[in-house]
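*Asks:* First the structure, which I've put down as structure tokens, then a few questions once you've had a look.
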Amino acid sequence: MMAQFNWMGEFQDPEKEITFREDQWPRVKHKMQFVYVTTALVYLLAGFADFLELGPGPKFNLLLACRALAAMAGLTAFYQLYLNKKDVLRHTATVCVYMSAVMGTEIIELILKAPITGTMTISATSFVVLICYLFFPPRLMAPLIGGLGGSVLYIGSMIFLTPLPFTSMSTTILSFGLANCCGIYFFIHMEKTKRREFSALAELRSLVEIDELTQVYSRRKVLEMGHFFFKSARRFHTPGSVLMLDIDHFKRFNDTFGHHTGDQILAGVATRCKHALREVDSFGRLGGEEFIVFLPQCTLPQALIAAERIRTTVCNTPFHTDNGEVLVTISIGAAELQPDHADLSCLIRDADMQLYRAKAKGRNRIYHAAA
């Protein structure tokens, strides 16, 4: 069995991973905007400390220019997020560029200040690395390149480009190692936790919105979509129709063949109906053997064409069940949205009345208000 996550803490299923990122995007966006602006401003303010240590001169000017470039990269990244473009590759590249600018500035600061300080304590740069892992989700690759790559360059510069003794460097090297190990561990752990929560919520949402037996919208969900359909039609003055469907003599199937065969018929009818409808139509199970369809942008004549397509799709081909092939028919009531429909329940009631007329007149037929 394939593992649910890969080594970076992402879903193995690409479609599920894409859905997760789209769901997380608003929160990720705001968090990254905050980090970009905050770190950019702090980086500029750190120039005051540079002035106190280096004093006026070429070294201070060089370091200030580097800090300004890093801050500019952060503000540019903020603006890119402000445009709200969901380009994963672009944002990954932006994180890498920003971290490169920050780590490059830190390396230049190290080279310029090492001869003055003559010693090295735990570097604040290791905290920058840790922040990179904790605040630049949802993919590990970008903080890994910026954090781990920047750490290697920083340590290499400290060893080969500064006069600091190795004994003074050991604490810094240890702090970078600890920052990367903890950062990677917590990144993967947090991302897996978020994805598990996302999966659990998606499963719970599916249980609420999808009828388990028929795999079409549940009563609650389809009526919720019906209210949206009704309000949209009213607001934009567009046509709309409703179909009420009922399986003929369904109790007889249950009594004759048993509930298992009845469930197979229910699921089969739902599948055929769903395939006979448009993507924009909302189809769900109201309860028992009764279904409802909301047809946006659809006049009554168009709704009757759709209803006949559904009816023939169900009745023309027998259903394969554990008790052999079974012929099934359905009755349909149709109603078009009218000005005197005060709310959705009035429209549904009209369609329901037509459904009872269809059943009273012999079943396996379609009735509408104008009939």
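*Asks:* List the residues of segment 258-274 whose backbone N lies under 17 Å from a point placed 7 Å from the Cα of H249 along the Cα-to-Cβ direction.
*Replies:* 258-259, 261-263, 265-266
*Asks:* Give the calculated FRET efficiency between K29 and C346 to the nearest 0.05, with a Förster radius of 35 Å applied to their Cβ-Cβ distance.
*Replies:* For R0 = 35 Å, the calculated efficiency reads 0.25.
*Asks:* Which of the aspartates and glutamates could a cross-linker span from K59 if the Cα-Cα distance has to be under 14 Å and same-chain partners fewer than 8 positions apart are dropped?
*Replies:* Partners within reach: D50, E106, E109.
*Asks:* Any idea what the dipole of segment 212-336 comes to, in debye rounded to 20, about its Cα centre with Lys/Arg Cβ at +1 and Asp/Glu Cβ at -1?
*Replies:* Values: 14 positive and 14 negative charges, 115 e Å.
My answer is approximately 560 debye.
*Asks:* Here is a follow-up. Provide the per residue accessible area, probe 1.4 Å, for segment 1-140, rounded to a whole number of square angstrom.
*Replies:* Working: 7530 Å² over 140 residues.
Value for segment 1-140: 54 Å² per residue.
*Asks:* So what is the 222 nm mean residue ellipticity for the chain from helices alone, if each DSSP H run of at least 4 adds -39500 (n - 2.57) and you divide by all residues, rounding to the nearest 500 deg cm²/dmol? Let's see the in-between values first.
*Replies:* Values: 11 runs with 239 residues, N = 371.
That comes out to -22500 deg cm²/dmol.
*Asks:* Shifting gears a bit: Using a Förster distance of 22 Å, how high is the FRET efficiency between R196 and I18, based on the Cβ-Cβ distance and rounded to 0.05? Don't skip to the end; give the middle numbers.
*Replies:* Numbers: r = 17 Å, r/R0 = 0.79.
With R0 = 22 Å, the Cβ-Cβ based efficiency is 0.80.
*Asks:* Under the rule of at least 5 residues apart or a separate chain, name every residue whose amide H is placed under 5 Å from the amide H of T321.
*Replies:* Residues meeting the amide H criterion: V326.
*Asks:* Quick one: if the Förster radius is 35 Å, what FRET efficiency do E290 and Q4 give, using the C-beta to C-beta distance and rounding to 0.05? All intermediate terms of the calculation are to be shown ahead of the outcome.
*Replies:* Details: r = 38 Å, r/R0 = 1.08.
Efficiency for this residue pair is about 0.40.
*Asks:* What full-extension length gain, to one decimal in nm, is calculated for I116 and L89 as 0.36 nm per residue of separation minus the Cα-Cα distance? Provide the component values of the computation, followed by the final result.
*Replies:* Numbers: separation 27, 0.36 × 27 = 9.72 nm, distance 4.10 nm.
Full extension of this stretch gives 5.6 nm more.
*Asks:* Taking the Cα centre of segment 77-186 as origin, sum charge times position over the Cβ atoms of Lys and Arg (+1) and Asp and Glu (-1), and report the length of that vector in debye to the nearest 20. Don't jump to the answer; show the numbers that get you there.
*Replies:* Numbers: 5 positive and 3 negative charges, 62 e Å.
Here segment 77-186 has a charge dipole of around 300 debye.
*Asks:* Further question on the same structure: Describe numerically, in nm with one decimal, the distance between label points set 7 Å from Cα along Cα→Cβ at E308 and at F186.
*Replies:* Inter-label distance under the simple model: 6.7 nm.
*Asks:* Rg and Dmax of segment 126-237 over Cα atoms: what are they, in angstrom?
*Replies:* Considering segment 126-237 through its Cα atoms, Rg and Dmax are 25.4, 79 Å.
*Asks:* Keeping all protein chains in place, calculate the accessible area per residue for segment 265-367 (probe 1.4 angstrom), answer in Å².
*Replies:* Numbers: 4730 Å² over 103 residues.
Accessible surface, normalised per residue, equals 46 Å².
*Asks:* Something else now. Non-local amide H neighbours of I210 (under 5 Å, H modeled in plane, Pro and chain starts lacking H): which ones?
*Replies:* S218
*Asks:* Something else: Helix hunt in the chain: which complete DSSP H runs extend at least 18 Å axially by C-alpha with mean Kyte-Doolittle at least -1.0? Show your work: numbers first, answer last.
*Replies:* Values: long enough: 14-54 (53 Å, -0.06); 58-82 (36 Å, 0.92); 88-117 (42 Å, 1.08); 166-209 (63 Å, 0.32); 219-236 (25 Å, -0.60); 259-275 (24 Å, -0.51); 300-315 (22 Å, 0.61); 344-360 (24 Å, 0.01).
Result, helices passing both filters: 14-54, 58-82, 88-117, 166-209, 219-236, 259-275, 300-315, 344-360.
*Asks:* Still on this structure, I have one more. Taking 8 Å as the Cα distance limit and 6 or more residues as the minimum spacing, I'd like the relative contact order of segment 1-142 as a percentage. Before the final figure, lay out each step's value.
*Replies:* Numbers: 90 pairs, mean separation 39.3, N = 142.
Worked out over segment 1-142, it gives 28 percent.
*Asks:* Ignoring ligands, DNA and RNA, what percent of the accessible area of segment 1-92 is carbon or sulfur (1.4 Å)? Could the numbers behind the result be given before it?
*Replies:* Working: 3940 of 5710 Å².
Carbon plus sulfur share of accessible area: 69 percent.
*Asks:* Using Cα pairs under 8 angstrom and six or more residues apart, how large is the relative contact order of the chain, in percent?
*Replies:* Relative contact order, the chain: 12 percent.
The values are calculated or read from the model by the stated rules, or taken from the named source; none is laboratory data. Computed from a predicted structure; not experimentally measured. We place every Cβ from the backbone using ideal geometry, glycine too, and count neighbours over all the protein chains shown. When the accessible area is computed, the model is the full protein with side chains, heavy atoms only, and any ligands, DNA or RNA have been set aside. Shrake-Rupley method; radii C 1.70, N 1.55, O 1.52, S 1.80 Å.
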